[in-house]
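Below is one structure, written out as structure tokens; the observations come after it.
The values are calculated or read from the model by the stated rules, or taken from the named source; none is laboratory data. All figures in this text were calculated on a predicted structure; none of them were measured in a lab. Here the Cβ positions follow ideal geometry from the backbone for every residue, glycine too, while neighbour counts run over all protein chains shown. Each accessible area value is taken on the protein alone, full model and side chains, heavy atoms only, with ligands, DNA and RNA left out. Shrake-Rupley method; radii C 1.70, N 1.55, O 1.52, S 1.80 Å.
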Amino acid sequence: MTEERRFHATSMKCSFGIDQNQRPCEDAACSVCSIGQTSFKLEHAGGGPLFANLGHLRYGRGLYFSKTSSKSHDYGVGSERVRQGERHRCMFLCKVALGSPLQTREAQIQDVELDGLIRARGHGGAHDSVVGLTRAQGGSLNHEESVVYSEEAALPSYLIVYKYR
């Protein structure tokens, strides 16, 4: 089984992590606190602003990660808070079990095709995850993207809080 470290950014309702006096909130819509307290849930996959804007997920309903923190940073706009005039965001560094990954050059794979390729989608398949390859690797993405389809395949290890310009 291939286990990798990957970044995952999401939104939050409170200021946990950014405000050091803030405890994790109990709001089920606060993704940062929910992930931190109960780990990842597939039922919440696709609930972010990117899905709302595009209307689809590149590699179907799954848990998305990147080996590049700057790619995850782009998905973390919903965690941004301004504190004392400085912008802060947060993201998770996770352990992700990719298992037997399908490495694809494609920018998108349709759900019906994924169903036959990914074991966890219930129709057989030889793969546990999808890894979208970069242009430098012969693929179509700017930054590699990893998707797992089982909640047990991803473990949030650290919440990284950072300020940026």
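Number of residues in the stretch 35-51 that are at pLDDT 60 or above and part of a helix (DSSP H, G or I): the value is 7. Only one entry in G138, G125 is touching a helix residue (DSSP H, G or I) at 6+ places or on another chain (Cβ under 8 Å) and over 23 Å from S34 (Cα atoms), namely G125.
Restricting the stretch 108-131 to residues that are farther than 12 Å from S146 by Cα and assigned to a loop (DSSP other than H, G, I, E, B) leaves a set whose member that is least open to solvent (accessible area, probe 1.4 Å) is I109.
Summed over the stretch 132-146, residues that are touching a residue at least 60 places away in the same chain (Cβ under 8 Å) and open to solvent by less than 20 Å² (accessible area, probe 1.4 Å) total 4. Considering the conditions (1) under 19 Å from L93 (Cα atoms); (2) of a type outside the set (G, A, S); (3) open to solvent by less than 30 Å² (accessible area, probe 1.4 Å), C25 is excluded by exactly one of them, (1). Just one of the listed residues (S157, S66) is in contact with a Phe, Trp or Tyr (Cβ under 8 Å, 6 or more places away or on another chain), under 18 Å from S31 (Cα atoms) and surrounded by fewer than 18 Cβ atoms within 10 Å (Cβ to Cβ), and it is S157.
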